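Worksheet: the structure to be examined is printed underneath.
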Amino acid sequence: MEEELKCFQCKGELVKGYVFASHRVYWSESEKPAFMDERSAEILIKMSVFKMRKVPAYRCEVCQLVTFSYG
C-alpha cells in the first residue's frame, strides 16, 4: 500500500499525476517577462522531439500547488 502524501501548506491530500508541456518548463527567480528572461532561466524539463515528456508530480487541489522532481 502506498503512503498517502499530504500538502506541506494545508495538510490536505495530494493527487498523484504528471506535469507536461508542449515545450520546455523553465525556472527563474526573476519577475521579468519570459521573453526577456529566457537566457538566464534554467530548463527544468527539456522539450522532446516526438512526444511530450511527462514528469511524475503531486497536486493539491485546495492550494493549487504542484510538486515534482526534475532532472
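The values are calculated or read from the model by the stated rules, or taken from the named source; none is laboratory data. Computed from a predicted structure; not experimentally measured. Neighbour counts are summed over all protein chains in view; Cβ atoms, including those assigned to glycine, are modelled from backbone coordinates with ideal geometry.
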Worksheet item: Cβ-Cβ below 7 Å, separation at least six or inter-chain, first residue in the stretch 45-58 and under 27 Å from residue 13 (Cα atoms) and among the small types (Gly, Ala, Ser), second modelled with pLDDT of 85 or more and surrounded by 12 or more Cβ atoms within 10 Å (Cβ to Cβ): which pairs?
Response: 57/17; 57/18; 57/19; 57/66; 57/67; 57/68
Worksheet item: residue 26: modelled with pLDDT under 80, among the aromatic types (Phe, Trp, Tyr) and not in a loop (DSSP other than H, G, I, E, B), yes or no?
Response: yes
Item to complete: Would you check which residues across the stretch 32-59 are part of a loop (DSSP other than H, G, I, E, B) and modelled with pLDDT of 80 or more and list them?
Response: 54
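Could you list all residues from the stretch 7-23 that are within 19 Å of residue 65 (Cα to Cα) and either at pLDDT below 80 or within 17 Å of the chain's Cα centre (by Cα) (or both)?
Filtering the stretch 7-23 for residues within 19 Å of residue 65 (Cα to Cα) gives 7-21.
Passing the criteria: 7, 8, 9, 14, 15, 16, 17, 18, 19, 20, 21.
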